[in-house]
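Colleague: Just passing along the structure, written as structure tokens.
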Number of protein chains: 2
Amino acid sequence: MTDGHPGGFDLDAFLPYLLNQAAEATSRGFAQVYRAEYGMTRTQWRVLANLGRSGAMTASDICRVSHVEKTKVSRAVAALEERGFLARERHGADRRAETLSLRPEGRAAFERLGMLALDYDRALRARLGPEAATLARVLREMIAAGAEPGG
Amino acid sequence: MTDGHPGGFDLDAFLPYLLNQAAEATSRGFAQVYRAEYGMTRTQWRVLANLGRSGAMTASDICRVSHVEKTKVSRAVAALEERGFLARERHGADRRAETLSLRPEGRAAFERLGMLALDYDRALRARLGPEAATLARVLREMIAAGAEPGG
DNA sequence: CGCAGATAGTTGCAAATGCAACCATGTCGA
DNA sequence: TCGACATGGTTGCATTTGCAACTATCTGCG
């Protein structure tokens, strides 16, 4: 499949590369959907999905949970608010933070996209066969563990 | 971990999301390396790695093989050439295309980074245990198949 | 031949990103 | 109570990206 590599490095076996390619390929497909339907960015979709899943939370909660840079979250939140998808409310106990929660429009978008995502995922899993479940489990473990060799 | 979702969509089981998180986490770690050592971009590293693996090839070959946008490749190639890492040569048969090949500096960088990547990958696999091999195989299948449910 | 596409690669421009700097608030210990 | 430092969030700026043109070359067909 590949020719000899002096140091023995084989790009086709390098996990970060494989993960990136697979992630890019699968994400690109679904990106079409939320982009066409709602003109949303990948980050916006991720923020929406997190809020849809976990209910009200702060921006830094989202950062922690989704491992997305805080400026990315900040701007996605601003965009989603602009569209009326979410509301911010000063957090009672800590006035630096604000509690984010989906407004009806945002919830509707989340539910519609959630349905489409489910379809997408089912199709993907159907193609992968029984190993899809293993894949998902291993990925979850990697993410939970920090996914860095040195971490 | 998650509460009930109206449509049954579960973000924690959504493969594109999991793949992205895992890819981001693993790539970020290695990005430190080629960034610190050579000030390279992710795309530049990928182009370098492809050239290092497959020898001389054209930019569009790289696009096809690595599924990277052609403008990204174009700019990465320009940057790598600027640093003296690669040479372009007009393709004999097709004068639109140019054959890219690593120059000694580029090859040296590839070999050094290849070694480091190998270490990185080994550490990652050690953490994952026996399922690392399965993971790699499934990812390769996904990539080969286009990785899109509809494809 | 000569013209209608395809394909290789670059460029312009708007949008998205990363990083550091920046406020505002909160926490903790002397 | 005060000052040092941590944390939530935003903003500025340079870099990177994506997409749509655009040039140049190639291919195929009437």
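The values are calculated or read from the model by the stated rules, or taken from the named source; none is laboratory data. For clarity, every value in this text was computed on a predicted model and none was experimentally measured. Calculation scope for accessible area: heavy atoms of the full protein, side chains included, ligands and nucleic acids excluded. Shrake-Rupley method; radii C 1.70, N 1.55, O 1.52, S 1.80 Å.
Colleague: Using modelled backbone amide H atoms (1.01 Å from N, in-plane), which distant-in-sequence or interchain residues come within less than 5 Å of B:MET40's amide H?
Modeller: Those qualifying (amide H under 5 Å, at least 5 residues apart or on another chain) are B:ARG35.
Colleague: Ballpark to the nearest 100 Å², how much total accessible area do A and B bury together, probe 1.4 Å?
Modeller: When A and B are taken together, about 6300 Å² of accessible area is lost.
Colleague: Another question, then. Hey, in the GNM for chain B with a 10 angstrom Cα cutoff, which one of B:ALA133, B:ALA117, B:ALA56 fluctuates hardest?
Modeller: Result: B:ALA133 has the largest fluctuation of those listed.
Colleague: Then there's this: Which one of A:VAL33, A:VAL65, A:VAL47 has the biggest mean-square fluctuation once chain A is modelled by GNM with Cα springs under 10 Å?
Modeller: Comparing A:VAL33, A:VAL65, A:VAL47 in a Gaussian network model of chain A, the most mobile one is A:VAL65.
Colleague: Can you pull the accessible area of B:ARG112 for me, 1.4 Å probe, Å² to the nearest 10?
Modeller: Surface open to solvent at B:ARG112 totals about 90 Å².
Colleague: Roughly how many Å² of A:ILE62 are accessible to a 1.4 Å probe, to the nearest 10?
Modeller: Solvent-accessible area, nearest 10 Å²: 0 Å².
Colleague: Still on this structure, I have one more. Once you have all Cα-Cα distances for the protein assembly as shown, histogram them in 10 Å bins from zero and send the whole-percent values.
Modeller: 6, 25, 30, 24, 12, 3, 0, 0
Colleague: Ok, one more. Would you mind calculating the relative contact order of region B:14-144 from Cα pairs under 8 angstrom and at least 6 residues apart, reporting the percent as a whole number?
Modeller: Answer for region B:14-144 is 20 percent.
Colleague: So, one more: Suppose we look only past 25 Å in the calculated P(r) of chain A. What percent of the Cα-Cα pairs does that tail hold?
Modeller: 41
Colleague: Sequence neighbours fewer than 8 away in the same chain don't count; with that in mind, list the aspartates and glutamates whose C-alpha is under 14 Å from B:LYS70.
Modeller: Reachable aspartates and glutamates: B:ASP61, B:GLU98.
Colleague: To continue, here is another question. Only Cα pairs within less than 10 Å get springs; with that Gaussian network setup on chain A, which residue of A:PHE30, A:PHE85, A:PHE14 has the largest fluctuation?
Modeller: A:PHE14
Colleague: Between region A:64-80 and region A:95-151, what's the alpha-carbon centroid distance in Å?
Modeller: Answer, in whole Å: 16.
Colleague: With all protein chains present, how much of the accessible area of region A:16-151 (probe radius 1.4 Å) comes from carbon and sulfur, to the nearest whole percent?
Modeller: Here carbon and sulfur together make up 50 percent of the probe-accessible area.
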